[in-house]
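The values are calculated or read from the model by the stated rules, or taken from the named source; none is laboratory data. None of the values given here were measured: they were computed from a predicted structure. Here the Cβ positions follow ideal geometry from the backbone for every residue, glycine too, while neighbour counts run over all protein chains shown. Just so you know, the surface numbers come from the protein's heavy atoms only, side chains and all, with ligands and any DNA or RNA stripped out. Shrake-Rupley method; radii C 1.70, N 1.55, O 1.52, S 1.80 Å.
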Number of protein chains: 2
Amino acid sequence: MADIAKAVGVSAMTVSRAFRGDEGVNPQTRARILAKAEELGYVFDATAASLRQNRSGFVAVTVPSINNANFAETVRQLSRGLSRNGLQILLANTEYDPEEEERLIGQLLRRKPEALVLTVGDYTRRTRQMLRATRIPVIEIWDLPAQPIRHVVGFSNTACIGRLVDHLVASGYRDIAFIGGESPRDPRGGQRRRGFVEAMRRHGLDDTRLVPAGTAPVGMAEGAQALGALLDSQPETRAVVCVSDLVAFGVISECQRRGIGIPGDLAVAGFGNYEIGRISVPRLTTIDVHAGSIGSKAADLIVALLRQDSDAAPARIEIQTDLIVRESSA
Amino acid sequence: MADIAKAVGVSAMTVSRAFRGDEGVNPQTRARILAKAEELGYVFDATAASLRQNRSGFVAVTVPSINNANFAETVRQLSRGLSRNGLQILLANTEYDPEEEERLIGQLLRRKPEALVLTVGDYTRRTRQMLRATRIPVIEIWDLPAQPIRHVVGFSNTACIGRLVDHLVASGYRDIAFIGGESPRDPRGGQRRRGFVEAMRRHGLDDTRLVPAGTAPVGMAEGAQALGALLDSQPETRAVVCVSDLVAFGVISECQRRGIGIPGDLAVAGFGNYEIGRISVPRLTTIDVHAGSIGSKAADLIVALLRQDSDAAPARIEIQTDLIVRESSA
DNA sequence: ATGAAAGCGCTAACAG
DNA sequence: CTGTTAGCGCTTTCAT
């Protein structure tokens, strides 16, 4: 910046102002500065600006897995909403591991992010401590925890599964099983499993058909395998709710291999409204959680929180979810 | 840091050394410093350290879409390899848009990353200029461009499709179509389409069965739709190669809806070895590009390049790919 | 519309 | 093993 100042014959301060689009700079001077910067191959140093302004322009985000279409969509929309306001995402993958999450959050905080977005999880003691100590806004997403750290943008995983069960019961199904959600590493899966148990009890039905799907992240292969386990242990089952659409698709494909008709012999429901559920044969009944909307709402919240300097009351933004009934349970 | 220094009764320099695990610090002093830091809720400021050390610890990465299991896996392994060496990823999504890519790269460079990883694309003029001007290592991934910017970690999309065509021809197929790759926004898709045309010519077969799948990113829905178009225009087709497994799955599901047997009536091949191809009925013939390995190899390269201060010769690391023959073409 | 001085929080370099 | 000094590249503040 000093080089440009010297070359153009102004002070560094004027160069700085020119770069930030400050009004009070002579348009001609400004043009000469930008031209010289281009000529010299100058690249603005955001690190120095951050240090001086005490504003990093970063928002730190942790997700359990980036390799998941729904989390990816949340991050995508979050990124969109933030970039419009000059904020950039600093993304970290916890791999569904609370210890790794603790390590990553520690690293992220050193970069002085202006806000921290976390996918709800079972935090370690030290993580909780860091989250309590930090003065930046903390936003938990993808669930509605009973005791949130501070702000929340999410939906009730438990209630969503309840709606699926209600739908199946209303359609006449009684012998219903649930696949997944037993992994201690996936709290959202656990909430869904709990939602299943609660809903079945509410209807006075057998709530013990719980089939494990393995350690998170669980995918299609785990679904296919779990169907085998289900048929072995509970062959009278007539409907199955899965912890995600990916698991449900595994179930569908395994049924096709075994000649089990869906929904004739077995109704299937998933969770998350992934693309596969719209294309599979049969199409999949599921819950649309509007993953993108979680991201954009969180972005809006962050922007609003950063505008006001005073601490706002904890926000609790509930995302609307939709039951989508398709051929797999109709 | 000054506060801690005062509270403990040492200089800021000693605090700094204690934090970086410098050997030459009295273990007792060190312990007292860390305890006091904990007590005061001190968080190290990586921005200030970056500015002073002229090392940001960032590696900038652009991908066309984070919402793609293969790119996500590359980023995941890249992140792993880098974090072991104290480097953090600064990720940006180009959304398959060269203009957006230009904007993002400009933003990323201001953060002074120590290296830049790009998914090969058709760069804008200004992007090329920035890439030429920067002094940090630039690594292109996911293809082997004829004229790389500098370093490359990838594979030949063209050659991979050639292997698929060879396999189909060897299996007796002659009337073969290709779905996808016409989108100007997806250079890798274009390379695959070109690979198809070249391979068909090589075999002296009709190379004009090219079905568009729409603007990138193309997914399952586009595949299902393209199958309809293919049957309308080229009903004598006996095998189809798709630009990705997702498109291929769309084809498979649409065939199932229409009662078209795979591979009896139509053989299908995909690209990328996504999870779906291992679970679908029938299982999908495809090319495994080892997406994760692209990431880990790129990480290794970056670490090696940063260790040496001198400019190394451009690296060209070719990733091994595998033809996986499954039921859809057997 | 522009400039001079000071300083953000850390660490390189040197000294002891 | 510890301390002092200076400065990374920018921007705040105050002055003109």
Q | Flag for A:VAL289 being open to solvent by less than 10 Å² (accessible area, probe 1.4 Å) and among the β-branched types (Val, Ile, Thr) | A | yes
Q: For the stretch A:188-202, state whether one or more residues are at pLDDT 95 or above, under 30 Å from A:ARG111 (Cα atoms) and outside the structural domain of A:GLY121 (by TED's automatic domain parsing).
A: yes
Q: List the number of the failed condition for A:GLN88; all other conditions in (1) closer than 19 Å to A:LEU305 by Cα; (2) at the interface with chain B (Cβ under 9 Å from one of its Cβ atoms); (3) touching an Asp or Glu at 6+ places or on another chain (Cβ under 8 Å) hold.
A: (3)
**Q.** Failed item in (1) in a loop (DSSP other than H, G, I, E, B); (2) open to solvent by 50 Å² or more (accessible area, probe 1.4 Å); (3) over 18 Å from A:HIS151 (Cα atoms); (4) more than 16 Å from DNA strand C (Cβ to nearest atom), with A:ASP122 passing the rest
**A.** (3)
Q) Filter the stretch A:138-163 for residues that are in a helix (DSSP H, G or I) and either aromatic (Phe, Trp, Tyr) or touching a helix residue (DSSP H, G or I) at 6+ places or on another chain (Cβ under 8 Å) (or both); which is most open to solvent (accessible area, probe 1.4 Å)? A) A:ALA159
Q | Long-range neighbours under 9 Å by Cβ, at least six apart or interchain, first residue on the phi > 0 side of the Ramachandran plot within the stretch A:307-330, second part of a strand (DSSP E or B) and modelled with pLDDT under 95 | A | none
Q.
For the stretch A:177-217: of the residues being over 25 Å from A:GLN320 (Cβ atoms) and among the aliphatic types (A, V, I, L, M), which is farthest from the chain's Cα centre (by Cα)?
A. A:LEU205
Q | Which numbered condition A:ARG55 fails, given (1) touching a residue at least 40 places away in the same chain (Cβ under 8 Å); (2) part of a helix (DSSP H, G or I); (3) among the basic types (Lys, Arg); (4) within 12 Å of DNA strand D (Cβ to nearest atom) | A | (2)
Q. Among the residues of the stretch B:1-29, how many are outside any helix (DSSP H, G or I), open to solvent by less than 80 Å² (accessible area, probe 1.4 Å) and within 11 Å of DNA strand C (Cβ to nearest atom)?
A. 5
Q: Give the stretch B:53-68 a look and list any residue that's open to solvent by less than 40 Å² (accessible area, probe 1.4 Å) and within 15 Å of the chain's Cα centre (by Cα), or say none.
A: B:VAL59, B:ALA60, B:VAL61, B:THR62, B:VAL63, B:PRO64, B:SER65, B:ILE66, B:ASN68
Q.
open to solvent by 10 Å² or more (accessible area, probe 1.4 Å), outside the structural domain of A:LYS297 (by TED's automatic domain parsing) and either more than 16 Å from DNA strand D (Cβ to nearest atom) or in a loop (DSSP other than H, G, I, E, B) (or both): which single residue out of A:ARG103, A:ARG80, A:ARG32 fits that description?
A. A:ARG32
Q) In the list B:GLU114, B:GLU95, B:GLU39, which residue meets the criterion of being within 16 Å of DNA strand C (Cβ to nearest atom), under 30 Å from B:SER156 (Cβ atoms), open to solvent by 10 Å² or more (accessible area, probe 1.4 Å) and of a type outside the set (Lys, Arg)? A) B:GLU114
